[in-house]
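Take a look at the structure below.
The values are calculated or read from the model by the stated rules, or taken from the named source; none is laboratory data. No experiment lies behind these values; they were computed from the predicted model shown. Here the Cβ is made from the backbone with ideal geometry for all residues, glycine too, and neighbour counts use every protein chain on show. Protein only, heavy atoms only, side chains kept; ligands, DNA and RNA dropped before computing areas. Shrake-Rupley method; radii C 1.70, N 1.55, O 1.52, S 1.80 Å.
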Amino acid sequence: MNLALKDIRHGLFRFVLTCFGLGLLMTVVLAMIGIYNGLVADALAVVEAPAADVWVVEAGTKGPFAEASSIPADSRDTVARMPGVAEAGAINYQTVEAPFLDRTLRLYVVGYEPGRPGGPQIIAEGRGIGTSHFELVADRKTGLLVGDTILLGRSRFTVVGLVEGAMNSGGDPAVYMTLADAMALQTELAPADQRVQAARGAGAVKSASVAAVIVRITPGADVDLLTATLRQWKHLAALSQIEQENILLASVVDKARRQIGLFLGILLAVSAVVIALIIYTMTMEKLKQIATLKLIGAPDRTIIGLIVQQSLILGTAGWGIGLTLILLVKDVFPRRVVLEPFNVAVLAGIIVVVCLAASGLGVRAAMKVDPATALGG
Amino acid sequence: MAIGDILVDVQAVAKHYGDGETRVDALRQVDLQVRAGEVIALLGPSGSGKTTLLNIIGCILDPSSGRVVLDGDPVYDGKWLRSDLRRLRLDKIGFIFQAHNLLPFLTAAENVSLVLDLAGWAPEKGKERAKELLDYLEVGHRAPVKPALLSGGEAQRVAIARALANRPRIILADEPTAALDSKRAQLVMDLLRKLASEQEACILTVTHDEKIFDRFDRLIHLRDGRLTDD
């Protein structure tokens, strides 16, 4: 006879409510884990997207993400000719806000040279950029669809393809366009300004710099040797892919990451206390029944089984409800919520440990109960 | 084992709490023998030591000194002689409480069969025995009902069935009729007498209920921890 299940069935409504409450708490914990992971994944997405081996940026900077970087656009040709370089592509990044239908989109514009590194790796829908101007490939999170047109700067662009998971460290979804369009978007002046500049005799458009050059090396080439060689040039600096990722995590999103990490720690501690309190209270409410069980001859293992099984069922149900809820709502969050099976498994492990520890407190109280208290009426 | 065998043999049992000026003697050199088939009432004012004596016989309270033999098996002689007192209770002793103390999450039948489950009976046999006892106590029709839905008399009869389930030979009852009206109290006592006779068991009851005194074979009076009258 399983006393734990019988007791749960007896107070099913209350138990289900308790599980649901715990499940909501677990939803918050899982959401925070997902937000934390999402923050890191978003930050790394922009660096990982071009599948680069080396980033060539402005000397003395940690660009193009942690700091602004500006290098001559023709640096790409120079870099591409170096030994060990398989291919190189100039790239540009900027954030723009653009009206679209009845809302304003905040977009992370990536300008790249089609046919060279820097563009989207996988097109989820539609096609890649096929013409030199006025086409773009957008991340799905922009809400743009293939065939939509959007005004960026002074030009109207047509969405020809969609990608997924492309964004900057702030979570702004990316759009890809040709480097030429991106440079024009960055530097082109409004007509009135152009007229003023023309009257002053200054050039209307200056578009000779890019943010970085992305390098893919030939198989067997030494990244460290290449970066060391590039650093010998006074106007350029070179960062390996790993260094670029470390810079992003250590500087760009470090404070946000630590903030969420700390909050997550507090949330886990609060959850542990709540679970412990629920289980302890559940046990304390049953002390008279436990005394009766002891009096009629129930061995300790029966009483321990009753407490431990109930707490594990409670914890498991709370975890399951939390996981179900977060999987249902995670896509509603404005930023990515990334839940890895490992995180979910670790949380399950933590809940089991907390439940067992809390049961330990309950079991301790139960073992101290004098069976004579059952006789007291 | 048969009617007349000594089932409870309490020899010079004493129990005191505290020491020196704070010492309280709950029991002083109590000797008591109860035989199979006997139904005995433990009487006395509050604080006289009735419940203390019942708890010592039920192996849930350590005596300070003395010797206790249950069903021919010495269980206490200056110290407990058995480590598995709960098993001893399960096998030899049945408890009936003032409040029925049925487990609220089990049905009447499950409350009875739980004892048999703990004693290692096969589930089917346990269910059979529970049904047999509940039918015998005329509450068989209430077997699938939870205690909250039983009347006081029905709950007490289920509690009696639970106490008797594993066929213990010593039944300890603490105010078993306190929650019942006089008619039901007498019915319960008649039932206990009948069971004691049929199961060759003894019944030791703490009670203040004068209406049922005529149902006992012996009335044992306790005052200030001493047996004063038997």
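A compact table of results
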| item | result |
| --- | --- |
| Matching entry among A:ALA357, A:ALA276, A:ALA365, A:ALA317 (being more than 14 Å from every other protein chain (Cβ to nearest Cβ), small (Gly, Ala, Ser), open to solvent by 60 Å² or more (accessible area, probe 1.4 Å) and more than 23 Å from the chain's Cα centre (by Cα)) | A:ALA357 |
| A:LEU328 vs. criteria assigned to a helix (DSSP H, G or I), within 14 Å of A:LEU25 (Cβ to Cβ) and not small (Gly, Ala, Ser) | no |
| Residues of segment A:95-117 that turn out to be farther than 14 Å from A:PRO173 by Cβ, touching a Leu at 6+ places or on another chain (Cβ under 8 Å) and touching a residue at least 60 places away in the same chain (Cβ under 8 Å), as a count | 3 |
| Residue selected from segment B:71-109 under the condition assigned to a strand (DSSP E or B) and surrounded by fewer than 21 Cβ atoms within 10 Å (Cβ to Cβ), by the criterion farthest from the chain's Cα centre (by Cα) | B:ASP77 |
| Selection status of B:ASP174, of a type outside the set (Gly, Ala, Ser) and buried (at least 20 other Cβ atoms within 10 Å of the Cβ) | yes |
| Strands (runs of 3 or more DSSP E) contained entirely in segment A:83-159, each with at least 1 residues that are in the same structural domain as A:ALA212 (by TED's automatic domain parsing), over 30 Å from A:LEU230 (Cα atoms) and open to solvent by 50 Å² or more (accessible area, probe 1.4 Å) | A:85-100, A:103-112, A:149-152 |
| Single condition A:GLU58 does not satisfy, out of (1) at pLDDT below 90; (2) outside the structural domain of A:GLY322 (by TED's automatic domain parsing); (3) buried (at least 16 other Cβ atoms within 10 Å of the Cβ) | (1) |
| Number of the condition not met by B:VAL68 [criteria: (1) among the hydrophobic types (A, V, I, L, M, F, W, C); (2) within 14 Å of another protein chain (Cβ to nearest Cβ); (3) open to solvent by less than 20 Å² (accessible area, probe 1.4 Å)] | (2) |
| Test: A:ALA66 is assigned by TED's automatic domain parsing to the domain that holds A:VAL223 and open to solvent by 30 Å² or more (accessible area, probe 1.4 Å) | yes |
